[in-house]
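Encoded as structure tokens, the structure appears first; notes follow it.
The values are calculated or read from the model by the stated rules, or taken from the named source; none is laboratory data. All of these numbers come straight from a predicted model, not from anything done at the bench. Backbone-built Cβ (ideal geometry, glycine too); neighbour counts: all protein chains shown. Note: areas computed on protein heavy atoms with side chains; ligands, DNA, RNA excluded. Shrake-Rupley method; radii C 1.70, N 1.55, O 1.52, S 1.80 Å.
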Amino acid sequence: MVKASLDQGRPTFVLQRPEIGLDIEKLQMLLSFKAKGATLVEGSFADHKSLVEAVKKVDVVICTMSGVHFRSHNILLQLKLVEAIKEAGNIHIRFLPSEFGMDPARMGDALEPGRVTFDEKMIVRKAIEEVNIPHTYLAALTPPKEKVCLYGDGNVKAVFVDEYDIATYTIKTIDDPRTLNKTVYMRPPENILSQRQIVEIWEKLTGKKLDKFSISKEDFLASMEGKDFTFQVGVGHFYHIYYDGCLTKFKIGEEGEEAATLYPEVNYKRMDDYV
């Protein structure tokens, strides 16, 4: 996201949280951002005043906190950011909370325990909308050698978007009046593919057929039994993508926009190139 912002010529400020301590990997990443022209701003989610002061330096806030349970799940920490934005009073262009996945507003019937991700994102959305912060929500989701397991018949369509393309589209939305207070779906038309189609791309590139087997919906859901919370959340999300087709089974209405349609100049990475 930082690279895409800099590549599009935007003054870019990055929150440097002191709690990263001596995490060399993160420090090196921050220094690489600085070398490319970003400004590092110190602030902590444990220090409200420092967050407010950081927010006062910008007119757009983009949050990319992890919402993935096998890393760290920090979605509700964004409520502290909402409070800081409210107090600072200067974010008149846009706030983009950490979403970039399935649209939580369409996941009201999601399975437990995976629905916690969507419920928490909706709590953050509610907080944003209650204090009238201008916003845009970004909804998007990455791709198998000898053997491949097909989810069901493998024919349910999903959406595949390269991480850098997600960032490029995100930066383009931040001052586009067409995206104000809307959800932007990243569904590049050539990347709406079934799992079986992805496998066929791989087979064509490698020149060999993969050994395919399938797992039924019932067996897939049964795999959650006795597993830890993180595993169960992941199974629930994959169920909705590959069995339920939650990324593609709806039409985008007036409340939303599609990124590739809004920004046809972006030459997004096609899945055959990615693979």
Check: Taking every DSSP beta bridge that has both residues in the chain, what percent is antiparallel when rounded to the nearest 5?
Finding: 25 percent
Margin query: Let me see the P(r) profile for the range 99-250: every Cα-Cα distance counted, bins of 10 Å, each bin given as a percent of all pairs.
Written below: 10, 33, 35, 17, 5, 0
Notebook entry, point to check: From the residues TYR239, SER214, ILE174, which one has its Cα farthest along the dipole of the range 156-275 in the positive direction, the dipole being from +1 and -1 charges on Cβ of Lys/Arg and Asp/Glu about the Cα centre?
Noted result: SER214
Next item on the list: With a probe of 1.4 Å, find how much accessible area the range 78-122 has per residue, and write the answer as a whole number in Å².
Entry: 39 Å²
Next item on the list: Find, among the trypsin sites (Lys or Arg not before Pro) in the range 42-130, those assigned to loop by DSSP (not H, G, I, E, B) with at most 10 other beta-carbon atoms within 10 angstrom.
Entry: ARG71
Notebook entry, point to check: Assigning unit charges at the beta carbon (Lys, Arg +1; Asp, Glu -1) and nothing else, what dipole magnitude in debye, to the nearest 20, does the chain show about its Cα centre?
Noted result: 420 debye
Checklist line | Two-decimal Rg/Rh across the chain, once Rg and the Kirkwood Rh are taken from alpha-carbon atoms | finding: 0.98
Notebook entry, point to check: Carbon and sulfur: what percent of the chain's accessible surface (1.4 Å probe)?
Noted result: 52 percent
Notebook entry, point to check: Modelled label-to-label distance, GLU83 and LYS157, 7 Å Cα→beta-carbon offset: nm?
Noted result: 4.4 nm
